[in-house]
Amino acid sequence: LTTNTFLFLINKREDSKCTFCEGEPETIIHLFLRCRHVTNFWLEIERYLAKSGMGELSEGHKMFGKMNDPMITHIVTLAKYMIYGSRRNEKRPNFANFKARLKIDFDTERQIAIKNNTLESFNKKMENAEAGMGSKDRTIGVSYCRWCDVMPPPYPSGITRDWPHAPRGAGLLAA
């Protein structure tokens with residue numbers, strides 16, 4: 001990945017300062033771990049993960065993911081993708097955008113499972129991985145998404161398996 005430090009070394013930038021804080025040289029470590037704006041972004045992600053008891057992410061986890069935990073590794077990879085995309089657009093990383101993208105990823109995986117007729121397996125995987133993530137029900141009989149903290153949309157009839165967002169035994173959410 002190209003950083004401002006590298007671009008400065010090859011005479012493509014006038015300085016090596018961080019795109020976000022404009023104070024420190026922008027190295028890979030600074031960009032993904034040490035910049036104060038990125039540190040705040042990671043803190044928001046850790047608070048979000050703490051709802052499920054997943055705890056803190058070490059610097060190693062933030063850089064390389066977490067062995068034997070594909071969900072954390074996906075979340076970390078998405079966070080770094082969002083950081084680098086924000087850098088490219090010269091905007092600070094935004095947690096609301098991260099949560100929205102995470103929801104899109106979740107919905108995409110769910111649609112793939114429906115298409116491949118593996119929804120039951122997907123639901124079990126999510127149930128195990130998401131244990132405890134998300135908000136308490138705010139409406140009787142309706143769960144909010146464990147990923148993005150919003151009420152899930154209704155899905156077409158014909159899908160008979162419980163959606164991972166639905167309370168256990170509630171079946172498909174009514175339109």
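The values are calculated or read from the model by the stated rules, or taken from the named source; none is laboratory data. A quick note: this is a predicted structure, and the numbers were derived from the prediction, not measured. Neighbour counts run over all protein chains shown; Cβ positions are idealised from the backbone, glycine included. Calculation scope for accessible area: heavy atoms of the full protein, side chains included, ligands and nucleic acids excluded. Shrake-Rupley method; radii C 1.70, N 1.55, O 1.52, S 1.80 Å.
Highest mean packing comes first when the peptides 95-102, 32-39, 118-125 are listed by Cβ atoms within 10 Å, giving 32-39, 95-102, 118-125. In this view, the solvent-accessible surface of residue 77, computed with a 1.4 Å probe and all protein chains in place, comes to about 80 Å².
So, R0 is 25 Å and r is the distance between the beta-carbons of residue 101 and residue 13; what FRET efficiency does that work out to, to 0.05? Step by step, r from the Cβ atoms, then E = 0.35.
Residues in region 27-123 average 56 Å² of solvent-accessible surface per residue, probe 1.4 Å, ligands and nucleic acids excluded. Find how many whole Å separate the alpha carbon centroid of region 1-34 from the alpha carbon centroid of region 82-103. Taking the Cα centre of each part, region 82-103 and region 1-34 sit 18 Å apart. Net charge in the neighbourhood of residue 33 (other residues with Cβ under 14 Å of its Cβ; Lys, Arg +1, Asp, Glu -1) is 0. Among the listed pairs 51/125; 62/125; 12/80; 91/115; 62/115, those with a Cα-Cα distance over 29 Å are 91/115; 62/115.
Out of the total accessible area of region 15-115 (probe 1.4 Å, heavy atoms of protein only), what percent is carbon and sulfur?
Here carbon and sulfur together make up 52 percent of the probe-accessible area.
Between residue 17 and 26, the built amide H atoms are under 5 Å apart, and every one of these is 5 or more places off in sequence or on another chain. Under the criterion of Cα pairs below 8 Å and six or more residues apart, the relative contact order for region 1-131 equals 17 percent.
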